[in-house]
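Each value in this text was obtained by applying a stated rule to the coordinates, not by laboratory testing. Everything numeric here is computed off the predicted structure, so don't read it as measured data. Cβ placement follows ideal geometry from the backbone for every residue including glycine, while neighbour counts extend to all protein chains displayed.
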Amino acid sequence: MDFEETFNPPALPWSGSGGPPTLFLGFAGSRDIVAASWRVARSHLRRAGARALPDREARSYWRTRHDIIYVHDEISPGTTRADVFLKDVIFDYVHVALPRSKVLGYRRDALSILRRRRVNPIGFGIWTQPELVSLEMIRRVGNDRVGANAAVAAAVDDLIRLAQDLGGTMEYVHGVGVKLAHLMGRELGPGLEVTRRVKKALDPRGILNPGKLGL
């Protein structure tokens, strides 16, 4: 079974079978800034061979962009749509900060990592500014939930190491916590020991978020 056969949602930007990706693009600011931004964007898009879609598609996307929160609504007592979904797949994500010149290279190498780990991408994008990159992934559980979970966890670690090697940093949204603490030495190098000393000076009894950040 190859990578594409494992799980192939339609119209992903990295899947040739789904056609070209759809880009929803918007600008905020004064009327003049927005108009100028659109002029530049249209010029670039024309050169890339992009085709304009009806405005109703963008309006529909904007109206429903937060619908993901409803997957946590109960569909029966104690059960949500997310619970049902996660019975069959392992889901995870990375949120990394990168030099903007490295984003496209990161995307290329990240997809290669996921293919090697037999984990499927379901989303790749940036948040609010070009340096903040998110990548979501899943792997079907099949008959081996432990193996699927291990493959996704290994993919997450590989993706974070890739970001670090490109001069980036891990987790711009949720923080390191416990889950990513084992990568803090790679992230901070000698700075991790300095951070530990500061933590010990401020928290000699070790009662403030023990175990977090690898401190």
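To the nearest 10 degrees, how steep is helix 55-64 against the longest Cα principal axis of the chain, on a 0 to 90 scale? In the chain, helix 55-64 runs at an angle near 30 degrees to the longest axis.
Available extension along the chain between residue 48 and residue 108 is 19.8 nm, counting 0.36 nm per residue and deducting the alpha carbon span. Quick note on segment 85-174: its Rg to Rh ratio, both from C-alpha atoms and Rh being the Kirkwood radius, is 0.98. With contacts taken as Cα pairs under 8 Å at a separation of at least 6 residues, the chain carries a relative contact order of 18 percent. Between 75, 149, 43, the Cα set farthest toward the positive side of the dipole of the chain (charges on each charged residue's Cβ, about the Cα centre) is that of 43. Cut-off under 21 Å on the C-alpha distance; same-chain residues fewer than 8 positions from residue 212 excluded. Which lysines are left, in chain and number order? Residue 212 reaches 179, 199, 200.
Exposed loop sites here mean trypsin sites (Lys or Arg not before Pro) with a DSSP loop assignment and at most 15 other beta-carbon atoms within 10 Å; the chain contains its longest site-free run at 88-178.
Label-to-label distance, residue 41 versus residue 71, with points set 7 angstrom from Cα along the beta-carbon direction: 2.6 nm.
In this calculation the C-beta distance from residue 141 to residue 201 is compared with R0 = 30 Å, giving a FRET efficiency of 0.10. Here is the list for segment 23-60: chymotrypsin sites (Phe, Trp or Tyr not before Pro) lying in DSSP coil, each with at most 13 other C-beta atoms within 10 angstrom of its C-beta, are 24, 27. Checking (i) 1.31; (ii) 1.00; (iii) 1.21 against the coordinates, the calculated Cα Rg over 2.2 N^0.38 Å falls under label (iii). In this simple spin-label approximation, residue 84 and residue 134 carry label points 7 Å from Cα along the Cα→Cβ vector, and these lie 2.3 nm apart. Per-residue Cβ neighbour counts within 10 Å put 152, 34 in the sequence 34, 152, beginning with the fewest. What chymotrypsin sites (Phe, Trp or Tyr not before Pro) in segment 39-142 are in a loop by DSSP, with at most 16 other Cβ atoms within 10 Å of the Cβ? Passing both the DSSP loop test and the Cβ count: 127.
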